[in-house]
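A short worksheet on the structure shown next.
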Amino acid sequence: MATGKTNAKHITVQVDDTAPTARDITPDVSNVSGTGLTYAEQDVTGYSDGVINFTLGHPSSEIEITGPFSNTATTGAHTVFSAIVGHVTNTKTVDIRIGIRAAPASGDPKFSGEYYCASYVVSGDGTYSARMVPASSVVPVWGTV
Amino acid sequence: MATGKTNSRHFRLYADQVDLSGDVRTVGGFGLEYNMEDVTGWSDGVVNYLYGTPTAFVNGFQAVFNNTAVTGSHTELSDQEEYLISLHLGIRATPAAGDPAFGGPLQQSSYTVGGEGPVIVEVALNGPGQALSHPSRYFGYVAYPSTSITVTTSGTGVDMVAAQASGIHAVLHVLTAETVGTWALTIQESSDDAVGDPYVDIITFTANGATATAERGIDATSVERYVRFRAVYTGGGSTGARFVVTVIPQ
């Protein structure tokens, strides 16, 4: 495990297929956005308060994965996402690992949770976009590899 | 069939009985987007969802204006109707059997003409019209790439990875009609690509190749792992017919 800053080239992305079996789709990912939790903010400011202040509600976690279209057998992004979009039989584990200036190693940060694939869209420029949303009441978490 | 990454120059788009690939130059996106219903309760740890109803669409679809009779983009798309669409995604080459595809009925919601320099047409396709047999999925496989044939032909077997418990939809495009005899057009299944289990018919299209048309065939029962397109010719010397077929596991 290293510490410090890093580059996105060292991020890996695994998404369950329909089985569900984890598939490493990293070669077909060029961007992952929304990794983490965003809490609903409830403004609870009263007349006498010195500043606008909030309580926090439920966190949300919507992850968008984009990259080049690929139908590589088993692990291609198209192979995985075209099968799991709308697939209700089970939830899909999304596992995003952030390697620190190298491939992810034990102790490096990771974010994971159980998701559904809410949309899978292929674009005319040969890329795709997939949106993952939480599928259970269990909060996705930051942890380590 | 190849696998891996590709470039959109190898895509081909068919709408009803027309190959629009020579006019199309941009497709913004195509796929399925589900309405996700928020089912979060007070005690839940995170905002969570259940699947609602999906929308199938092709957006950002642009083609060069072309009013060539029958096959031009303007001629075909200015009708504003429901089309049977097949979008074949060739993998670094012209589409081949087994390559990925997107296909099914989609209703046209807009048609506009404009542009600077070459005149272009823009089209939005959003979901099927009202019907009793909507598909639930749109991503599938090229079963038969655009090919003109003059004799009885069996397409290459397409491996759907597993048997399909919810069946398949098949979209047939007859791009060029036969003018002498007729064609019996079917989709066949086999559990092992005819190694020990011969292909048998599961969908028989009404179309007989004598008219340029498009048709969707449905088998809602369990379908075996491999499927293929078969065209059987009856009659005198064929003038040739061009077919395109897409299969979509449901």
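Mean-square fluctuation check for chain A, GNM, Cα pairs under 10 Å: which of A:ARG131, A:ARG101, A:ARG23 is largest?
Comparing A:ARG131, A:ARG101, A:ARG23 in a Gaussian network model of chain A, the most mobile one is A:ARG101.
Rank these residues by their accessible area, most exposed first, probe 1.4 Å: A:LYS5, B:LYS5. Working shown, then result.
On the way: A:LYS5 175, B:LYS5 85 Å².
Ranked from most to least accessible, the order is A:LYS5, B:LYS5.
Can you give the three extents of the C-alpha atoms in chain A along their principal axes, from longest to shortest, in whole Å?
Extents along the principal axes, in whole Å: 62, 38, 30.
When the C-alpha atoms of the protein assembly as shown are aligned to their principal axes, what extent does each axis show, in angstrom, from largest down?
90, 54, 41
Using the Cα centre as the reference, give the magnitude of the dipole from point charges on the C-beta atoms of the stretch A:1-137 (Lys, Arg: +1; Asp, Glu: -1; all else neutral), rounded to the nearest 20 debye. Mind dumping the intermediate values first?
Numbers: 8 positive and 13 negative charges, 91 e Å.
That gives the stretch A:1-137 a dipole magnitude of about 440 debye.
From largest to smallest, what semi-axes in whole angstrom does the stretch B:106-195 give when each is the square root of 5 times an eigenvalue of its alpha carbon gyration tensor? Let's see the in-between values first.
Working: eigenvalues 200, 95, 38 Å².
Sorted largest first and rounded, they come to 32, 22, 14 Å.
If you keep only loop residues by DSSP, which GluC sites (Glu not before Pro) in the stretch B:63-115 have at most 13 other Cβ atoms within 10 Å of their Cβ?
On the way: sites: B:GLU76, B:GLU81, B:GLU82; in loops: B:GLU81.
Here the GluC sites (Glu not before Pro) that fit, given the DSSP loop and packing criteria, are B:GLU81.
Given that compact globular proteins tend to follow 2.2 N^0.38 Å, what is the ratio of the alpha-carbon Rg of the stretch B:161-246 to that value?
Rounded to two decimals, the normalised Rg is 1.15.
Name the lysines eligible as straight-distance cross-link partners of A:LYS9: C-alpha to C-alpha under 21 Å, and not fewer than 8 places from it in the same chain.
Here the lysines satisfying the reach criterion relative to A:LYS9 are A:LYS110, B:LYS5.
Summing both sides, how much accessible area is buried between A and B? Use a 1.4 Å probe and give Å² to the nearest 100. Mind showing how you got there, number by number?
On the way: alone 8110 and 11920 Å², together 17230 Å².
The buried area between A and B, both sides summed, comes to about 2800 Å².
DSSP loop (so not H, G, I, E, B), at most 10 other Cβ within 10 Å: list which chymotrypsin sites (Phe, Trp or Tyr not before Pro) in the stretch A:40-79 pass both filters. Let's see the in-between values first.
Numbers: sites: A:TYR47, A:PHE54, A:PHE69; in loops: A:TYR47, A:PHE69.
Here the chymotrypsin sites (Phe, Trp or Tyr not before Pro) that fit, given the DSSP loop and packing criteria, are A:TYR47.
With all protein chains present, calculate the accessible area of A:THR74 using a 1.4 Å probe and round the result to the nearest 10 Å².
70
Among the GluC sites (Glu not before Pro) in the stretch B:103-207, which ones are in a DSSP loop with at most 13 other Cβ atoms within 10 Å of the Cβ? Mind listing them?
Values: sites: B:GLU116, B:GLU122, B:GLU178, B:GLU189; in loops: B:GLU116, B:GLU178.
Passing both the DSSP loop test and the Cβ count: B:GLU116.
What net charge do the residues around A:ASN31 carry, taking every other residue with its C-beta under 12 Å from that of A:ASN31, with Lys and Arg at +1 and Asp and Glu at -1? Intermediate values should be presented prior to the final figure.
Values: positive: A:LYS9; negative: A:ASP28, A:GLU64.
Once all neighbours under 12 Å are counted, the net charge is -1.
How far apart, in nm, are the 7 Å Cα→Cβ label points at A:GLU64 and A:VAL88?
Output for this residue pair reads 2.6 nm.
Computed FRET efficiency, Cβ-Cβ of A:LYS9 and B:ASP44, R0 35 Å: what is it to the nearest 0.05? Working shown, then result.
Working: r = 35 Å, r/R0 = 1.01.
Calculated value: 0.50.
Take the stretch A:86-145, drop everything but the C-alpha atoms, weight them equally and run the Debye formula without solvent; then report log10 I(q)/I(0) at 0.21 Å⁻¹ to two decimals.
At q = 0.21 Å⁻¹ the computed log10 ratios are -0.88.
For the stretch B:1-127, evaluate the Debye formula with one uniform point scatterer on each Cα (no solvent term) and list log10 I(q)/I(0) at q = 0.17 Å⁻¹, rounded to two decimals.
-0.89
Quick check on chain B: take the gyration tensor over C-alpha atoms, sort the square-rooted eigenvalues as a ≥ b ≥ c, and tell me if it's rounded (a/c under 1.5), prolate or oblate. Don't skip to the end; give the middle numbers.
Working: a/c = 1.89, a/b = 1.14, b/c = 1.66.
Oblate.
The values are calculated or read from the model by the stated rules, or taken from the named source; none is laboratory data. In this text the structure is predicted, and so the values were computed from the model without any measurement. Neighbour counts are summed over all protein chains in view; Cβ atoms, including those assigned to glycine, are modelled from backbone coordinates with ideal geometry. Note: areas computed on protein heavy atoms with side chains; ligands, DNA, RNA excluded. Shrake-Rupley method; radii C 1.70, N 1.55, O 1.52, S 1.80 Å.
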